[in-house]
Amino acid sequence: MHWFALICALFTPLVAGCELVVRFENYAAQSRLDSTLKWHGLDVDFARALLDEAGCDYQFINVPWARALKMLADGEIDMVLSVTRTPEREQFAYFIGPQRMETIVFAMNQLRPYSMQTLADLFKLPVPVAVQKGAFYGHVFNEMLLREQSKAESQRFIYVADNQRKLSLLKHGRIAGFLEEKFNVLYQSQHNPDFAQITVSPLVVNREPVYYALSKQSVSAKDRRLLAAAFERLQHSGRLKQILAKYGLD
């Protein structure tokens, strides 16, 4: 019986494990590369917790936001974190979560501050506001933005491909400010000299849950079930709350 079991084990084909390519961007507290090219940050901790719990192998790559969503849709990457769930994105991605809550605010130069009371005030500024390509800032704001863009000569908003571009535009007075995750702005203001003069308006542009997003093109149904089950275990164990607490988001 012992030899029979050994022979069966030797000739049983190995089942391929879960292997995922995960996108991050070297920016702020969500994900950043250190001098040894190792990843750290809030979303990095969330990714490792889920993938380790599921028993998956993984590779982290550095990709700007807008390109990452296109790559996710095409199956060139498998996972993106902190993604708002929208009908458009549900066409190409599965969602696990929610991962956490995201708060979008207006960041501006404290030497050139603007008073903001409502979303409409963002559409009345004397210079443009920078928004990131492919980003979602809430249904109300996005609808207002679409109406603004339908105007023939509207130049109230500038689309940028990455975070460094909007910092450069703000520094040179080309924009009034930019929309950003509040957590990132507060972290950067304490750790990044480029944010030394940046402050946050009290106006909340949007607040809603964000999720782990998995590519429908590249992530199998089996792996999706594996990851969903791992997420449930992390939730019940309190591990996700521990990650949030580590970054002062509990």
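The values are calculated or read from the model by the stated rules, or taken from the named source; none is laboratory data. Keep in mind that this is a model prediction, so the values were computed, not measured. Because the Cβ atoms are built from the backbone with ideal geometry, glycine has one as well, and the counts that use them run over all protein chains shown. Keep in mind that these areas ignore ligands, DNA and RNA; they rest on the heavy atoms of the full protein, side chains included. Shrake-Rupley method; radii C 1.70, N 1.55, O 1.52, S 1.80 Å.
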The aspartates and glutamates whose Cα lies under 17 Å from the Cα of Lys171, excluding any fewer than 8 residues away in the same chain, are Asp162, Glu180, Asp194
Placing each pseudo-label 7 Å from Cα in the direction of the beta carbon, Ser168 and Asn142 end up separated by a distance in nanometres of 2.8 nm
So for R0 = 41 Å, FRET eff. of Lys151-Lys216 from the Cβ-Cβ r, to 0.05, ends up at 0.70
Rounded to the nearest 500, the 222 nm mean residue ellipticity computed for the chain from DSSP H runs (n ≥ 4, each -39500 (n - 2.57)) alone is -11000 deg cm²/dmol
For the chain, the longest principal axis of the Cα atoms and the Cα long axis of helix 2-11 enclose an angle in degrees, to the nearest 10, of 40 degrees
Longest principal axis of the chain (C-alpha) makes with the long axis of helix 42-54 (C-alpha) an angle, in degrees to the nearest 10, of 20 degrees
Eigenvalues of the alpha-carbon gyration tensor of segment 59-208, times 5 and square-rooted, give semi-axes in Å, largest first, of 26, 19, 15
Amide H neighbours of Ala93 at under 5 Å, excluding residues fewer than 5 places away on the same chain, with H built from the backbone geometry, are Lys216
Tilt, helix 65-74 to longest principal axis of the chain (alpha-carbon atoms), in degrees rounded to tens, equals 40 degrees
Straight-line reach check, Lys216, cutoff 27 Å on alpha carbons, 8 or more apart in-chain or any other chain, hits among lysines -> Lys70, Lys133
With all protein chains present, the chain has a carbon and sulfur share of its accessible area (1.4 Å probe) in percent of 53 percent
Note to self: C-alpha centroids of segment 174-239 and segment 16-50 sit apart, in Å, by 12 Å
Once normalised by the length of the chain, the mean sequence separation of its alpha carbon contacts under 8 Å that are 6 or more apart gives a contact order in percent of 30 percent
Largest fluctuation, Gly177, Gly41, Gly17 only, Gaussian network model of the chain with Cα springs under 10 angstrom, belongs to Gly17
Where a ≥ b ≥ c are root eigenvalues of the Cα gyration tensor, a/c under 1.5 meaning rounded, otherwise prolate if a/b exceeds b/c and oblate otherwise, segment 146-215 counts as oblate
In a Gaussian network model of the chain with springs linking alpha carbons closer than 10 Å, the residue among Lys124, Lys216, Lys171 that fluctuates most is Lys124
With every protein chain kept in place and a 1.4 Å probe, the chain has an accessible area per residue in Å² of 54 Å²
